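Accompanying notes for the structure given below.
Coordinate-derived values only; no laboratory data. Given the structure is predicted, the values throughout are model-derived calculations rather than measurements. FYI the Cβ positions are ideal-geometry reconstructions off the backbone, even for glycines, and counts take in every protein chain you see.
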């Protein structure tokens with residue numbers, strides 16, 4: 001049986017001022033489709049999601065939600081307050097009972113005392129897990145995910161991938177992480193030139209298809225130009241003759257019509273190529289770290305760090321969120337004092353630092369071009385500056401825009417462009433891939449890999465890191481260590497760990513609610529152990545019965561309520577025994 005239609009976008013038009021975002025755009029989404037949404041920055045991907053959610057109006061057209069659609073949206077704006085506990089938020093936001101919240105939360109390793117923690121005390125990765133849990137409690141059959149990988153650590157990224165691969169519904173996912181799309185999406189949607197194209201194959205096959213189209217476009221354009229040349233020769237030769245004037249005019253119209261076709265084809269796929277102007281090639285030790293402790297006056301993050309780095313190395317700083325990656329990078333940049341020990345850069349090195357909020361230091365009255373000319377190395381000519389501007393998605397019409405009118409993402413890209421034009425010997429980059437499309441991310445990764453200077457980068461974009469990293473540091477457990485092996489080896493280990501966590505026996509999950517009270521575990525006598533075992537078996541049976549009642553859409557609310565009450569009674573007794 002064919003998959004059911006859930007959503008239709010019909011002949012939608014949307015403009016921002018004079019800029020056309022969508023022009024007669026249409027697409028249909030069926031149930032269980034797992035779609036990666038791609039397109040250059042500003043093409044309209046997030047705008048499409050907002051129109052689907054009915055939080056932004058279209059100028060013309062319609063978006064039809066079928067009666068069967070249950071839409072779930074992972075918001076970029078946090079729906080919780082920092083002081084709420086995980087369980088408190090889930091119950092308030094979704095209206096779901098405690099047992100249901102605990103069951104879904106356990107899929108994302110949110111169990112035990114984690115459920116009673118304040119959300120503000122959790123890392124960004126765990127906060128994303130809370131948002132995912134809250135969305136799933138509404139039982140959606142179509143998810144909209146807008147850049148869900150931003151600021152996620154690798155462990156949470158892998159967990160999210162594993163969830164989406166097994167999710168029974170469908171989803172549309174906007175992300176700049178090519179590896180994430182490859183692992184989770186079976187179809188590809190491109191938003192481009194005001195249109196929406198849905199391709200039935202995964203990303204890699206779609207890009208191959210586009211390359212074939214690009215070659216075909218070049219061939220067709222060549223034939224068009226040849227035909228135009230022949231027509232123009234006729235006009236030049238016979239256009240002045242009165243007897244041939246009508247025929248010459250007809251040929252001119254043909255030339256114009258062919259021109260229109262050529263322009264349409266020429267707008268096919270564009271390839272990004274980025275080159276970072278080289279600095280002086282240097283050798284020897286660039287950085288020496290001895291017995292270093294990093295952190296803040298009231299909290300030490302890591303101690304006993306002893307590492308040396310050769311000039312020209314490309315170091316990826318990895319680890320779970322909240323472990324101190326950004327703290328380490330700030331310390332290397334000198335914007336945060338060391339707690340103890342020594343950190344020495346070679347004195348001949350010029351250091352540049354990019355972080356999430358670095359754009360706040362920009363002069364709001366300066367134009368894009370003025371800023372780049374000011375920070376660029378003096379010997380760089382206009383072509384290099386304008387090429388870098390284009391690499392970071394600034395058009396010719398943007399050059400005179402003042403910083404104050406740029407979006408946060410545009411300011412971040414401007415800072416990156418300026419950094420690469422500064423001809424610094426050392427580049428320190430904290431999550432530089434946010435606000436970029438994946439073509440630019442990959443071009444930047446390749447350029448940094450070829451750059452002859454030294455690079456330190458905090459990022460969880462696997463394609464990006466794999467393009468440049470020659471060395472890996474892992475921050476965690478109060479220490480920083482150099483990881484042996486390749487980046488692929490490191491990711492494989494994390495994937496194995498995630499699989500191991502997912503395959504834990506369900507006994508842990510059975511007493512999730514009981515453990516959420518965070519009581520100390522009591523020593524049990526023989527009779528208590530037998531009773532606990534019986535309760536756990538009963539709980540499994542009740543749990544299966546509840547799931548069966550839900551799956552068959554039972555109208556027997558009385559029976560469902562009875563089973564839910566029984567579930568809570570059993571967990572209460574387990575709690576008392578535990």
At what distance in angstrom do the alpha carbon centres of the stretch 472-488 and the stretch 100-135 lie from each other?
26 Å
Between residue 249 and residue 216, what's the calculated FRET efficiency when r is the beta-carbon distance and R0 is 35 Å? Round to 0.05.
0.65
Once you place label points 7 Å from the Cα toward the Cβ at residue 548 and residue 116, how far apart are they in nm?
3.5 nm
Where the centre of each part is set by its Cα atoms, how far does the stretch 34-61 sit from the stretch 375-426, in angstrom?
27 Å
Cα gyration tensor category, rounded, prolate or oblate, for the stretch 418-470 with a/c compared to 1.5:
prolate
Additional length obtainable on full extension of the chain from residue 227 to residue 259, 0.36 nm per residue less Cα span:
10.5 nm
Centroid-to-centroid separation of the stretch 434-455 and the stretch 342-363 [C-alpha atoms, Å]:
18 Å
One quarter of the C-alpha convex hull surface, i.e. the mean projected area of the stretch 403-442 in nm², amounts to 3.3 nm²
Between residue 496 and residue 357, Cβ-based FRET efficiency (R0 56 Å, step 0.05) works out to 0.95
What is the chain's relative contact order, in percent, from Cα pairs under 8 angstrom and six or more apart in sequence?
15 percent
Sites residue 306 and residue 283, calculated FRET efficiency, Cβ-Cβ separation with R0 22 Å, nearest 0.05:
0.50
Mind ranking 389-402, 35-48 by how tightly packed they are, going by the mean number of other C-beta atoms within 10 angstrom, highest first?
35-48, 389-402
Based on the alpha-carbon gyration tensor of the chain and its eigenvalue square roots a ≥ b ≥ c, which shape applies: rounded if a/c is under 1.5, prolate if not and a/b is larger than b/c, or oblate?
oblate
Simple spin-label model, 7 Å along Cα-to-Cβ: residue 167 to residue 56 in nm?
2.0 nm
Subtracting the Cα-Cα distance of residue 237 and residue 384 from 0.36 nm times their residue separation yields 48.5 nm
Within 10 Å of each residue's Cβ, count the other Cβ atoms and sort 482, 257, 282 from fewest upward.
257, 482, 282
Residues in the stretch 460-495 that a label on residue 450 would reach, taking backbone N under 18 Å of a point 7 Å out along Cα→Cβ
464-470
Simple spin-label estimate for residue 296 and residue 488 in nanometres, 7 Å along Cα-Cβ:
4.0 nm
